[in-house]
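The values are calculated or read from the model by the stated rules, or taken from the named source; none is laboratory data. Predicted model, so just to flag it, every value in this text is computed and none were measured. Counting neighbours? That spans all protein chains shown, and the Cβs are built from the backbone with ideal geometry, glycine included. All accessible areas refer to the heavy atoms of the entire protein, side chains included, with ligands and DNA or RNA removed. Shrake-Rupley method; radii C 1.70, N 1.55, O 1.52, S 1.80 Å.
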Amino acid sequence: MLRFNDIADRVLEYHPGCDLSMLQRAYVFSAKVHDGQERLSGEPYLVHPLEVAGILVDMRMDEVTVSAGLLHDTIEDTLATPDELRRLFGEEVLFLVEGLTKLAKIEFNSARERQAESFRKMLVAMSKDIRILLIKLADRLHNMRTLEHMGEEAAARVAQETRDIYAPLAHRLGINWIKQELDDLCFRILDQEVAKELAQRLESKRGAREHYVEEVIAILSSKLGDFGLTARVTGRLKDLASIHEKMRREDLDLDDLYDVIAFRMILDGNAAEVYAALGIVHAIWRPVPGRFKDYVALPKPNGYRSLHTTVIGAYGERMEVQIRTREMHNAAEYGIAAHWKYKSGGKAEAEDREGQFAWLGELLERHQDLADPTEFIETVKVDLFPDEVYVFTPRGEVLSLARGATPVDFAYAIHSEVGDQCAGARVNGRMVPLRHVLSDGDTVEIVTRKSQVPRKDWLDFVVTGKARSRVRHSIRAVDQARSRELGRELLERELRKSGMSLARQIEEGAVQKIAERQGRGSVDALLAALGYGRLRAGEVARALRGDAPPAEPPRRRRRLLFGRSQRSGSGIRVGGQSDVMARIARCCAPLPGDEVAGFVTRGRGVTVHRADCRKIFEVDQERRVDVEWEPEADVPHKIRMRVRSRDAPGLLAKVTRIISARGINIGSARASTNAERLAEQTFDVWVNDVATLNSVMREIRRIRGVTSVERLGG
Ligand code: MN
């Protein structure tokens, strides 16, 4: 067990002037209030805050942060009060502990929308003081290290959440070792079987590998010495998660994957020597073309700097070498924590606070006008996984964009207006289509045209969060303008019947009054609501004439608004009402049991999509309505299913037998076989709910020879 003295000694090493008495008091207090509590492992609870503090020391945090780490669970899990903490440790410690207490209450494993909202709250909380997030990461890391004491299902849930949220955040903050350890722990829990097998196979070759590593280190060290350079050279086995990821990405078996070892040279010197060392490595072994990456001249957005190269080693094997100075190494390991400066005797201070955290503020700002929380999380995730490509403006400035970025992404990165008016692009002097994928080093020049507007089909190829949200935003704006025009026409026509003029009514403020009474806020919003069919022109006209509004029961009103059909036939309820005209979207073909979202469509009632259908992001969120499945509706829905298999005789018969056995009607079936004797069968089937469909798909998957079963649109 980690002891308090170890922690104190290590803080003193990097921060000699620190306030030890505060740490001491925090430790004593935490021990007192957690006394008698136990972790799932049966150990005393105090082990957890101590380990969290230890991880914060590994990150070289100041005494305030380490103290807050020792106290992080006290408000949440003990009788300690905020007043007590303020009195004993001061405002700053209290602020951090309270921030963490709030974070602990945020639920990620909930419905998609609530999860998105939680994520937004967390970003807001951590943007107030980045140290809250660093403590949270330390807390999560220790919990992940001790996950084996948790039930299997709960462990998987925590691991998934870590993979989705915390590992990307550690990456974005540039704290490499935490990101790697989290990834590795997640992999071992979420892909247990695969991880176990991989670990065993690696273990079996350990002897040979260690011998090989020594050999390479000896060669590198002696050659560097010949040129008067000193460096610490290491060679270590990459973690399981990255080895597995590499095998998957390059579709290689472990036996064919040579670069499971990462060699690293950490030089005592400056950036120039890094290039000298690279030259030496390339003189010993032949470099693999296209694998050299210069993150020294072009650091990653999270601040990472290093040279990466791959060479062909003595046995014809691929060898990966990373070259960096000690300073670059520290920055890569500690991320933003490396930028903490300790003034002698004084308080710790983050240098370059703005530069380091600017992305966070930008991210919140950019997404704050996203009305839909689900869309928020989707766009933010894009920004948190920056696998980036570096390109140049015509004036030679460097921009980093998400890999796969197109000239449209580039245009939006320069300025929203340039994006909106992007009409064409030249890459390295040649005209290219807007969907052209940019490569490292490209020089990109955007041709703008005033009359250009963002197009819907841009959404098919843009990859950056900014471009996506801007394009959607303006498509919606156009949609809204159209609805406003339609609403204006409808109301005008209605008023003309009684000899009134809409223009006059607007001018005199009468329409504004009605809008406010209807809770629509502005005349424009009222007109748009008319255009969408959410309000009836007759009703508004009546109100403008001053007639008493007939009190319609909500049920009847809905029927008038959305159509007269007695039974929708779709098995959908809109806002709790069944008698609403609803249409199932063809693109995603939702089934009862699927999470769904509804949108008002002009003149055609409500269209129902699956909640994760990409199409819904393109629709104006104003038009969204609550929909749910009719509980006891037994309406079959048509969906399409694709079965791929080896071309085994009798397989088609087996599949159809399984489908019919469930009483499911097959509308049509098509089968084809290709030259490699792989068969593909497509069925149109009529199913009542998603549970039935899933169990049928599971059963088909179990047939020998079947390689995949997929659900397609309708
Ligand atoms: Mn904790």
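Between Ile506, Ile514, which is of a type in the set (A, V, I, L, M, F, W, C), open to solvent by 30 Å² or more (accessible area, probe 1.4 Å) and assigned by TED's automatic domain parsing to the domain that holds Val540?
Ile506
Which ones in segment 151-162 are modelled with pLDDT of 85 or more, open to solvent by 10 Å² or more (accessible area, probe 1.4 Å) and under 11 Å from Arg140 (Cα atoms)?
Val158, the sole residue that qualifies.
Based on this model, can you work out whether Thr234 counts as among the hydroxyl-bearing types (Ser, Thr, Tyr), more than 25 Å from Leu190 (Cα to Cα), open to solvent by 40 Å² or more (accessible area, probe 1.4 Å) and under 39 Å from the mean Cα position of the chain (by Cα)?
Here the answer is yes, as Thr234 does meet what is asked.
Assess whether Ala402 counts as being more than 16 Å from Phe617 (Cβ to Cβ), crowded, with 20+ Cβ neighbours inside 10 Å and more than 23 Å from the chain's Cα centre (by Cα).
It is false that Ala402 is more than 16 Å from Phe617 (Cβ to Cβ), crowded, with 20+ Cβ neighbours inside 10 Å and more than 23 Å from the chain's Cα centre (by Cα).
Only one of these conditions is not met by Asp684: (1) open to solvent by 50 Å² or more (accessible area, probe 1.4 Å); (2) under 38 Å from the mean Cα position of the chain (by Cα). Which number is it?
Exception for Asp684: condition (1).
Within segment 405-435, count every residue that is surrounded by fewer than 18 Cβ atoms within 10 Å (Cβ to Cβ) and in a loop (DSSP other than H, G, I, E, B).
5
Might you let me know whether segment 200-209 holds any residue that is hydrophobic (A, V, I, L, M, F, W, C) and within 25 Å of Ala155 (Cβ to Cβ)? If you could, list the steps in order and put the result at the bottom.
First, the residues of segment 200-209 that are hydrophobic (A, V, I, L, M, F, W, C): 202, 208.
Then keep just the ones that are within 25 Å of Ala155 (Cβ to Cβ); that gives 202.
Looking for residues that are hydrophobic (A, V, I, L, M, F, W, C) and within 25 Å of Ala155 (Cβ to Cβ), one finds at least one in segment 200-209, hence yes.
Of the conditions (1) free of Cβ contacts under 8 Å to residues at least 12 places away in the same chain; (2) under 25 Å from Leu147 (Cβ atoms); (3) more than 16 Å from the ligand (Cβ to nearest atom), Val28 fails just one. Which one is it?
(2)
Taking only pairs six or more apart or across chains, which ones have beta-carbon atoms under 8 Å, a first residue in segment 72-84 that is small (Gly, Ala, Ser), and a second residue that is within 12 Å of the ligand (Cβ to nearest atom)?
Every condition considered, the pairs that remain are Ala80/Leu71; Ala80/Thr74.
Results for (1) open to solvent by less than 50 Å² (accessible area, probe 1.4 Å); (2) of a type in the set (A, V, I, L, M); (3) away from the ligand (no atom under 14 Å from the Cβ), shown as yes or no for each residue.
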{"residue": "Leu46", "(1), (2), (3)": "yes, yes, no"}
{"residue": "Leu50", "(1), (2), (3)": "yes, yes, no"}
{"residue": "Val64", "(1), (2), (3)": "yes, yes, yes"}
{"residue": "Leu71", "(1), (2), (3)": "yes, yes, no"}
{"residue": "Thr74", "(1), (2), (3)": "yes, no, no"}
{"residue": "Arg86", "(1), (2), (3)": "no, no, yes"}
{"residue": "Phe95", "(1), (2), (3)": "no, no, yes"}
{"residue": "Leu100", "(1), (2), (3)": "yes, yes, no"}
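All but one of (1) surrounded by fewer than 13 Cβ atoms within 10 Å (Cβ to Cβ); (2) away from the ligand (no atom under 16 Å from the Cβ) hold for Asp58; state the number of the condition that does not hold.
(1)
Looking only at segment 636-675, which residues are open to solvent by less than 80 Å² (accessible area, probe 1.4 Å), over 16 Å from Arg698 (Cβ atoms) and charged (D, E, K, R)?
Correct list: Arg640, Asp647.
Can we say Leu530 is farther than 30 Å from Glu618 by Cβ and either modelled with pLDDT of 85 or more or open to solvent by less than 30 Å² (accessible area, probe 1.4 Å) (or both)?
So Leu530 fails the test.
If His34 satisfies all but one of (1) open to solvent by less than 10 Å² (accessible area, probe 1.4 Å); (2) without any contact (Cβ under 8 Å) to a residue 60 or more places away in the chain; (3) away from the ligand (no atom under 13 Å from the Cβ); (4) in contact with a Phe, Trp or Tyr (Cβ under 6 Å, 6 or more places away or on another chain), what's the number of the condition it fails?
Tallying (1) open to solvent by less than 10 Å² (accessible area, probe 1.4 Å); (2) without any contact (Cβ under 8 Å) to a residue 60 or more places away in the chain; (3) away from the ligand (no atom under 13 Å from the Cβ); (4) in contact with a Phe, Trp or Tyr (Cβ under 6 Å, 6 or more places away or on another chain), His34 fails exactly one: (3).
Scan segment 394-401 and give yes if some residue there is among the hydroxyl-bearing types (Ser, Thr, Tyr) and not in a strand (DSSP E or B), otherwise no.
No, there is no match, as no residue in segment 394-401 is among the hydroxyl-bearing types (Ser, Thr, Tyr) and not in a strand (DSSP E or B).
Any idea which of (1) more than 15 Å from the ligand (Cβ to nearest atom); (2) over 27 Å from Ala155 (Cβ atoms) is the one Gly42 doesn't satisfy?
(2)
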